Amino acid sequence: MTNSTTRGSWGSRIGFILAAAGSAVGLGAIWKFPYVAGANGGGVFLLVYLACVFSVGVVMLLAEMMIGRTAKKSATSAYRALGKGYWHVAGWLSVLGVFLILGFYCVVGGWTIAYIVQTIQGTVLTTDAKVLSDTFTHFIANPTSSLIYTALFMMITAVIVIAGVQAGIERICKILMPALFALMLVMVWRSLTLPGAIEGVMYFITPDWSKLSIKMVLDALGLAVFSLSVGAGLMVAYGSYLSPETKVVNAGLWIAGLATMASVLAGLMILPAVFAFDVDPAAGPGLTFITMPALFAQMAGGQVLALIFFCLLLFAAVTSSISILEPVVAFLIDEYGMDRKIATILVAIVNYIVLGIPAALSFGGGMESFTIFGKTPFDAMDFMASNVLMPLGGMFAATFVGWRVWPQIKTILAGEVPGAVQKVYWLLAAIVSPVLIAIVAVMTIKGS
């Protein structure tokens, strides 16, 4: 059996909020949101994304937080303890989802380390979009550097998770998240002052309803659950470290608000620069790494600011990756009584070998020609986790709360919100969210 010292707990409410928001404000907002929004028409995608976040997303977020706080266990153990029967299968799916995310996420985290090195060398500070695009393409196609940087990022993540909840995760998030927001505001201001930036702003905020499609809705829903870190057991694990005094609804709304604000700021930071430097807004995963160096190249002290930005982007990525690694580690601790250090090292090594290497080699080194249903290993992991397993995991969490453990959950809500709000939440969790996800999934299958 494990003890409370092994599992850990949050030292403060603000520490939990910043850590939970950090899991989304990292690469989920700064890296993924701009290129997904850019590829899906900008303004109309933003509206659909916000609708998904503040309906289905928040319902799932609160559901997972309350499951974790009630059971004081990670996802699989929590479902087994509270739900009996076969509910623990939902926990297994969440562990699989988060394991897939870790595989490709550490590759992107490695890119941030590489860009810190290249910024110090001054090799990426130019306004020539073609040079920047070629530099990024050549870098990710180099198998040696990709594997090394991916392994380095995995090591950094593992060291923090080994340190525990308060000493590792909470402490680093308290310092780095406010700093990242401050620098993002500076970058937004500079991006908006670029010649031609207004075209990017209008693309981002003006809905083009002709772009609305089932695929776009699926992408928006997938990004909403990804950016709130729900559906993969992350918030169940984080919620399990909450004290009974913490107001779950208030904390959940803060997390959703911060995550959404970060995504919008990232869009205003990246997309105006994309149009100013004539970069394709549908350029894909490398969009941030192509546009930001061009922005810094036009600023006084640009190299220093670029170095600070990519360092903070690295730290933001780490706040996300530790939240991704933690549920798998918590699963091994709760299910098998494993020591935190041993569990962390085991997961990190196995994930790097099984998933990290194929993901890192998806852009060069031999794996780029290997496809799974037409997708590279990197894209397949991203799609399967973000668009399938995470929405399903969130749907199971909402259904579990609405139909299996509602009496316990209602007790939590009774101390925080009026009765009418409790009824609305039950309706959204038990019926609306599962039905919406099911409809989108069926229509997507038919359209594929």
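Remarks
- Applying the set (1) in a helix (DSSP H, G or I); (2) of a type in the set (A, V, I, L, M, F, W, C); (3) buried (at least 23 other Cβ atoms within 10 Å of the Cβ) to VAL124 leaves exactly one unmet item: (1).
- The number of residues in the stretch 127-163 being open to solvent by 60 Å² or more (accessible area, probe 1.4 Å) and of a type in the set (D, E, K, R) comes to 2.
- Test: TYR115 is modelled with pLDDT of 85 or more, buried (at least 23 other Cβ atoms within 10 Å of the Cβ) and closer than 30 Å to ALA276 by Cα: yes
- Inter-residue pairs, beta-carbon under 7 Å, first within 12 Å of VAL248 (Cβ to Cβ) and β-branched (Val, Ile, Thr) and in the stretch 411-435, second open to solvent by less than 20 Å² (accessible area, probe 1.4 Å) and part of a helix (DSSP H, G or I), 6+ apart: ILE412/MET66; ILE412/VAL248
- LEU96 vs. criteria over 30 Å from MET299 (Cβ atoms), open to solvent by 30 Å² or more (accessible area, probe 1.4 Å) and aliphatic (A, V, I, L, M): yes
- Among (1) at negative phi; (2) surrounded by fewer than 20 Cβ atoms within 10 Å (Cβ to Cβ); (3) not aromatic (Phe, Trp, Tyr) - the single one GLY196 does not satisfy: (1)
- Set TYR203, TYR149, TYR241: member being under 24 Å from ALA348 (Cβ atoms) and at pLDDT 85 or above: TYR149
- None of PHE378, PHE396, PHE331, PHE370 is open to solvent by 30 Å² or more (accessible area, probe 1.4 Å) and under 24 Å from the mean Cα position of the chain (by Cα) except PHE396.
- Test: residue in the stretch 58-67 that is among the charged types (D, E, K, R) and open to solvent by 10 Å² or more (accessible area, probe 1.4 Å): no
- The single condition among (1) without any contact (Cβ under 8 Å) to a residue 60 or more places away in the chain; (2) open to solvent by 10 Å² or more (accessible area, probe 1.4 Å); (3) not in a loop (DSSP other than H, G, I, E, B) that ALA300 does not satisfy is (3).
- Selection of first residues in the stretch 210-232 that are farther than 24 Å from VAL328 by Cα and of second residues that are open to solvent by 10 Å² or more (accessible area, probe 1.4 Å) and among the hydroxyl-bearing types (Ser, Thr, Tyr), restricted to Cβ pairs under 7 Å at least 6 apart or on distinct chains, gives the following pairs, ordered by first then second residue: ILE214/THR444; LEU218/THR444.
- Verdict on GLY337 being under 20 Å from HIS138 (Cβ atoms), open to solvent by less than 50 Å² (accessible area, probe 1.4 Å) and out of contact with any strand residue (DSSP E or B) (no Cβ under 9 Å at 6 or more places or on another chain): no
- Residue check: THR157 meets all listed conditions (1) within 20 Å of GLY365 (Cα to Cα); (2) touching a residue at least 60 places away in the same chain (Cβ under 8 Å); (3) of a type in the set (Val, Ile, Thr) but one, namely (1).
- Residues of the stretch 237-260 that are open to solvent by 10 Å² or more (accessible area, probe 1.4 Å), outside any loop (DSSP other than H, G, I, E, B) and either free of Cβ contacts under 8 Å to residues at least 60 places away in the same chain or under 21 Å from THR112 (Cα atoms) (or both): GLY257 alone.
- Note on the stretch 167-193: among residues that are over 17 Å from PHE309 (Cα atoms) and surrounded by fewer than 16 Cβ atoms within 10 Å (Cβ to Cβ), the one that is modelled with the highest pLDDT is THR193.
- The lone exception for THR291 - which of (1) within 16 Å of the chain's Cα centre (by Cα); (2) open to solvent by less than 30 Å² (accessible area, probe 1.4 Å) it fails: (1)
- Candidate set: the stretch 349-367, residues that are under 22 Å from the mean Cα position of the chain (by Cα) and open to solvent by less than 10 Å² (accessible area, probe 1.4 Å); chosen: the one farthest from LEU332 (Cα to Cα): SER362
- Filter pass, TYR35 being of a type in the set (Phe, Trp, Tyr) and either open to solvent by 10 Å² or more (accessible area, probe 1.4 Å) or more than 19 Å from PHE383 (Cβ to Cβ) (or both): yes
- Among the candidates ILE270, ILE308, the residue that is open to solvent by 10 Å² or more (accessible area, probe 1.4 Å), in a helix (DSSP H, G or I), β-branched (Val, Ile, Thr) and touching a helix residue (DSSP H, G or I) at 6+ places or on another chain (Cβ under 9 Å) is uniquely ILE308.
- Residue within the stretch 69-87 that is under 30 Å from ALA151 (Cβ atoms), crowded, with 22+ Cβ neighbours inside 10 Å and at pLDDT 90 or above present: no
- Flag if GLY402 is open to solvent by less than 30 Å² (accessible area, probe 1.4 Å) and over 22 Å from the mean Cα position of the chain (by Cα): yes
The values are calculated or read from the model by the stated rules, or taken from the named source; none is laboratory data. Predicted, not measured: the structure shown is a model, and the values here were computed from it. No Cβ is skipped: glycine too gets one built from the backbone with ideal geometry, and neighbour counts run over all protein chains shown. Each accessible area value is taken on the protein alone, full model and side chains, heavy atoms only, with ligands, DNA and RNA left out. Shrake-Rupley method; radii C 1.70, N 1.55, O 1.52, S 1.80 Å.
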